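The values are calculated or read from the model by the stated rules, or taken from the named source; none is laboratory data. For clarity, every value in this text was computed on a predicted model and none was experimentally measured. Using ideal geometry, Cβ is built from the backbone for each residue, glycine included, and neighbour counts are taken over all protein chains shown. We work out accessible area using only protein heavy atoms, side chains counted, and drop any ligands, DNA or RNA first. Shrake-Rupley method; radii C 1.70, N 1.55, O 1.52, S 1.80 Å.
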Amino acid sequence: MQISLRNNSYKVLRSYSRAACHLFIMAVLLVSCSTPKDVAYLQNAKMLDGRMAPQPQVLRLMPSDKINIVVSSSDAALESQFTLVSSSQASFANPVSSTSMGGSGVTVAYTVDEQGDINFPVLGKISVRGKTRGEVADYIAKRLVARELVSDPIVTVEYVNMSVDVLGEVNKPGRKTITKDCYTIINAISDAGDLGINGERSNVLVTRVVDGEIKVYTLDLCDMESLITSEAYWLRQNDVVYVSPNNMRKRSSKSAGNTYNQPGFWFSLTSLLVTIANFVNSR
């Protein structure tokens, strides 16, 4: 009687062990072959085909920004009056910085003061706060013509220190220089060498200061519709972009935290279970 019960127990144990091994192997295969849904960018882009694109937001000057202003004219003598060059005799109310501009020497960058003004030669104080560089160039050109100082001025305004900071799970973190009037989160990610595989694409933070208040935006790079309609899609100077780490990266930062995600661990465990099952079946 005892032998019969023992045999029945072994049979039940063998059947359970086989079923457990089969289920475990299937689970491992499913996990290893599954493709995360939060890796590809702009997943719903096709749904937006044909829609009106969002209006670009052009960068506007703020206090502490630096700009180069170059006035070109057919009269070289007049031209030199309005394009500042580094000199011990040059002295203006607002602070300036020198920037190399090629073979003719070094020009001086205008720094926008706390009131949003710059001091321009001959014309005096000019308010540039909230203006685009194109608007500043157009305003200066019209003032020069109106005062009959230059008849045919070509005014060029270039950014000197416009930048954003990109941190977190990107391949090239750091400060990224803005060289164009419209700069998006996609431009910043591209300049940072794209996200690493451990970057959480659905949790990209953008922080900025607006009228003395800190604002934080959360962007989802996988969802194109929500991305391009966000206030933070068009970046501003001094924004901070932070790409959060995904769960795998967080676990790997702990001692043995990512062991359970390694294929070798699961195959070793599978091999152990198969060995146990074979041992039970041989009895």
Item to complete: Just give me the residues in the range 195-224 being out of contact with any strand residue (DSSP E or B) (no Cβ under 6 Å at 6 or more places or on another chain), outside any loop (DSSP other than H, G, I, E, B) and surrounded by 14 or more Cβ atoms within 10 Å (Cβ to Cβ), in sequence order.
Response: Arg201, Ser202, Met224
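Here is a yes/no grid of residues against (1) in contact (Cβ under 8 Å) with a residue 24 or more places away in the chain; (2) open to solvent by 30 Å² or more (accessible area, probe 1.4 Å):
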residue: Gly174; (1), (2): no, no
residue: Ile178; (1), (2): yes, no
residue: Asp181; (1), (2): yes, yes
residue: Gly193; (1), (2): no, no
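Run down Val136, Val122, Val108, Val150 and say which single residue is in contact (Cβ under 8 Å) with a residue 12 or more places away in the chain, assigned to a strand (DSSP E or B) and either touching a strand residue (DSSP E or B) at 6+ places or on another chain (Cβ under 8 Å) or more than 18 Å from Lys180 (Cα to Cα) (or both). Can you show your working first?
On the way: Val136 fails: assigned to a strand (DSSP E or B); Val122 fails: assigned to a strand (DSSP E or B); Val150 fails: assigned to a strand (DSSP E or B).
Result: Val108 is the single residue among Val136, Val122, Val108, Val150 that is in contact (Cβ under 8 Å) with a residue 12 or more places away in the chain, assigned to a strand (DSSP E or B) and either touching a strand residue (DSSP E or B) at 6+ places or on another chain (Cβ under 8 Å) or more than 18 Å from Lys180 (Cα to Cα) (or both).
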